[in-house]
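Data block below; observations after.
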Amino acid sequence: MAKLSRTRGNTYEREVCAELSAVMGQKVVRILGQARDGGGDIFTPPFLWECKRRRNFAGYTFMEQAVISAEAQNAIPIVAIRADGQESLVMMRMKDALPLIQGEIV
């Protein structure tokens, strides 16, 4: 089971690298050995990416609600979420985040 999970994670990291490479105009690669060293998965300064692929994640329900509301306002959907005792996190769709990373959205 752990090997399947690791393979799925590695495949997703390569997917994210491909998407980033396409919009950044340069080859983006995974940080090899990061699982052993405890570092991030992909580094595109100033961003260090941690990529997670799961079968289920409740965040999709929250994002669906944000997308519907954002479309009515012609806005970019974003979800802020915080678990008890934890710091807030922000979640965006990749297709909305990439233009922001490229500096197209200010």
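The values are calculated or read from the model by the stated rules, or taken from the named source; none is laboratory data. Just so it is clear, the structure is predicted and the values come from calculations on it, not from any experiment. Because the Cβ atoms are built from the backbone with ideal geometry, glycine has one as well, and the counts that use them run over all protein chains shown. When the accessible area is computed, the model is the full protein with side chains, heavy atoms only, and any ligands, DNA or RNA have been set aside. Shrake-Rupley method; radii C 1.70, N 1.55, O 1.52, S 1.80 Å.
Tell me whether region 10-19 contains one or more residues that are charged (D, E, K, R), exposed (fewer than 12 other Cβ atoms within 10 Å of the Cβ), out of contact with any helix residue (DSSP H, G or I) (no Cβ under 7 Å at 6 or more places or on another chain) and at negative phi.
Of all residues in region 10-19, those charged (D, E, K, R) come to 13-15, 19.
Within this subset, residues satisfying the condition of being exposed (fewer than 12 other Cβ atoms within 10 Å of the Cβ) are none.
Scanning region 10-19, I find no residue that is charged (D, E, K, R), exposed (fewer than 12 other Cβ atoms within 10 Å of the Cβ), out of contact with any helix residue (DSSP H, G or I) (no Cβ under 7 Å at 6 or more places or on another chain) and at negative phi, so the answer is no.
Here's a check for you: in region 80-106, which residue that is without any contact (Cβ under 8 Å) to a residue 60 or more places away in the chain and of a type in the set (Val, Ile, Thr) is surrounded by the fewest Cβ atoms within 10 Å (Cβ to Cβ)?
That would be Val106.
Ala75 passes all but one of (1) in a loop (DSSP other than H, G, I, E, B); (2) more than 30 Å from Gly25 (Cα to Cα); (3) of a type in the set (A, V, I, L, M); (4) at pLDDT 95 or above; which number fails?
With respect to (1) in a loop (DSSP other than H, G, I, E, B); (2) more than 30 Å from Gly25 (Cα to Cα); (3) of a type in the set (A, V, I, L, M); (4) at pLDDT 95 or above, Ala75 is out only on (2).
Have a look at Gly39, Gly85 and point out the one that is small (Gly, Ala, Ser), part of a loop (DSSP other than H, G, I, E, B) and at pLDDT below 90.
The conditions single out Gly39.
When you check Glu64 against the structure, is it open to solvent by less than 100 Å² (accessible area, probe 1.4 Å) and out of contact with any Asp or Glu (no Cβ under 8 Å at 6 or more places or on another chain), yes or no?
no
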